[in-house]
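What follows is one structure encoded as structure tokens, with my remarks underneath.
The values are calculated or read from the model by the stated rules, or taken from the named source; none is laboratory data. Keep in mind it's a predicted model, so treat the numbers as computed, not measured. Note that each Cβ is placed from the backbone with ideal geometry, even for glycine, and that neighbours are counted across all protein chains shown. Note: areas computed on protein heavy atoms with side chains; ligands, DNA, RNA excluded. Shrake-Rupley method; radii C 1.70, N 1.55, O 1.52, S 1.80 Å.
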Amino acid sequence: MTQRTLLGMLTPSSNTTLEPVSSAMLAGLPDVSVHFGRFRVTEISLGEAALGQFEYGPMLDAASLLADARVRVVCWNGTSASWLGLDKDRDLCAAITDRTGVAATSSVLALAEIFRLTGVERFGLVTPYLHEIQEKIVPNFRAEGFDCVAERHLNDKGNFSFSEVSAETLTAMVREVARAEPQAITILCTNLRGGPLVERLEEETGIPVYDSVATAVWGSLRLANVDPRRVKGWGRLFREVG
């Protein structure tokens, strides 16, 4: 019997990007497949109802269902910890493992690990989020040792609308933050279609671009003991950060 590696992704209910993009990234790995469990997320703001979307209960229930598929890893493929604080994801991952016995990570925790492994201290930030969300993200990353030297955001509370941001808009935002010459740029939102743009943007700017869906896939592969360098055509992250 062929040995399979099954990866589980916790998915915001209104996200239409991370599933096809994650699957496309892994298309060249016939022994690896990705599986998705949804919980309700429809708005990104600091309102009480919006913040309540990220309470652990529904996320743990979704993780438990993914565990039924005998996934090797459960990854929170979302970026809420960027404005709630990275300890939120550290606690969530511990709770997932305690509930399911499955190793857990997140897109944001993987991004922080990538920054540390590559020595990034100065980064550029591209998001679709509201001003109030962006104003939380910057100091949260600074507390982790990463200084945002340039940022662009769309002041949108989404979440579904994030998937409709054009490639032209994302490209322009990345070009703008690249002018500050950061050590890396992150496209931070798993419902933005940044992943397919990364190769071209890196070639143009000469700067590594870390898309949130890509960091989730990268972190999941590492946790499952699969070499991320097997993923081809999706940027320097997979070529250079093994």
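Only one residue in THR169, THR97 is more than 18 Å from the chain's Cα centre (by Cα) and closer than 25 Å to GLY206 by Cβ, so which one is that?
THR169
Please pick out the residue among ILE114, ILE96 that is touching a Leu at 6+ places or on another chain (Cβ under 7 Å), at pLDDT 95 or above, over 30 Å from VAL174 (Cα atoms) and open to solvent by less than 10 Å² (accessible area, probe 1.4 Å).
Exactly one residue qualifies, and that residue is ILE96.
Can you pull out every residue in segment 25-53 that is part of a loop (DSSP other than H, G, I, E, B), under 18 Å from PRO196 (Cα atoms) and of a type outside the set (Gly, Ala, Ser)?
LEU26, LEU29
Select, from THR105, THR16, THR79, the only residue that is closer than 13 Å to ALA216 by Cα, modelled with pLDDT of 95 or more and in a loop (DSSP other than H, G, I, E, B).
The conditions single out THR79.
All but one of (1) under 20 Å from THR186 (Cα atoms); (2) polar (S, T, N, Q); (3) assigned to a loop (DSSP other than H, G, I, E, B) hold for SER22; which doesn't?
That leaves (3) as the condition not met.
Matching residues to (1) in contact (Cβ under 8 Å) with a residue 24 or more places away in the chain; (2) assigned to a loop (DSSP other than H, G, I, E, B); (3) open to solvent by 20 Å² or more (accessible area, probe 1.4 Å):
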{"site": "LEU170", "(1), (2), (3)": "yes, no, no"}
{"site": "VAL174", "(1), (2), (3)": "yes, no, no"}
{"site": "PRO182", "(1), (2), (3)": "yes, yes, no"}
{"site": "THR190", "(1), (2), (3)": "yes, yes, no"}
{"site": "PRO196", "(1), (2), (3)": "yes, no, yes"}
{"site": "GLU199", "(1), (2), (3)": "yes, no, yes"}
